Amino acid sequence: MLESETPQPDAAEAAVPLEAAVPLDVAVPLEAAVSADPLTLAAPPADAAEVPADTEGIWVRAWREVVAGVKTLVSAAVYATLIVTFGFQVARVDGLSMAPTLEDHDRLIVNKLVYEIGEPRPGDIVMLYYPLNPEKMFVKRVIAREGDTVRIVDGRVYVNDVPLHDDYVPAEFRSHDDWGPQVIQQGYYFVMGDHRNNSSDSRHWGPVPKKYIVGKVKVRWWPLQDARIF
């Protein structure tokens, strides 16, 4: 089974309160000193005249930096929403039905666009809705497509009477069941887990309609030492 991990909306949409005031009128106390000549006033200290300009500049720069930060957060939230909704989805493997290709708790990136413009092909690892309970999601491998005839004899899979090339399944993971033969109906796909003797798949609940196939698994990004592109 597969659990989706989508970007957390609360982090991307968190409101960032901004409070900044730019002083418009800065009072600078000046003390006039009477010189020996009662008609001449001493000039105020030079640094006193520069205080308002420096203070205002600091507030303006701080305000601009805060505004820029907010724009970055909003942009990230928008991009994340678009990517998850229309392009890619992050998911986590829950279970061992695809072992040894995928292990429990592996993190995946699923391409949701690829099947909008193309068709699933045998050998593709796909994320799909569980036909008996579409609230759940599974990850399986496509074995055959519409029009193909699938037959299993003592665990050996045949597609159109040709033995399936499935060296990715270790001997200890193979099953010894019989199934079919059955022609896959229009718009449906036959899927199986790589862990043949520990997988609930099309042998048990039948072929999957294309509308239930969410996307193609493209990347395993976690754990990092096992990262790979499919």
Q | Sequence-distant residues sharing a close amide H with D148 (under 5 Å, placed H) | A | I184
Q: Would you mind ranking M127, M98 so that the residue whose beta carbon has the fewest other beta carbons within 10 Å leads the list?
A: M127, M98
(Q) For a test of the definition: using alpha carbon positions, the gyration tensor, and the 1.5 limit on a/c, classify region 91-229 as rounded, prolate or oblate. (A) oblate
Q.
Output wanted: per-residue J couplings in Hz (rounded whole) for region 134-139, from phi through Karplus 6.51 cos²θ - 1.76 cosθ + 1.60, θ = phi - 60°, x for Gly and Pro.
A. x, 6, 9, 10, 10, 10
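FYI, it's all coordinate maths here, none of it is from the lab. Predicted model, so just to flag it, every value in this text is computed and none were measured. Neighbour counts run over all protein chains shown; Cβ positions are idealised from the backbone, glycine included.
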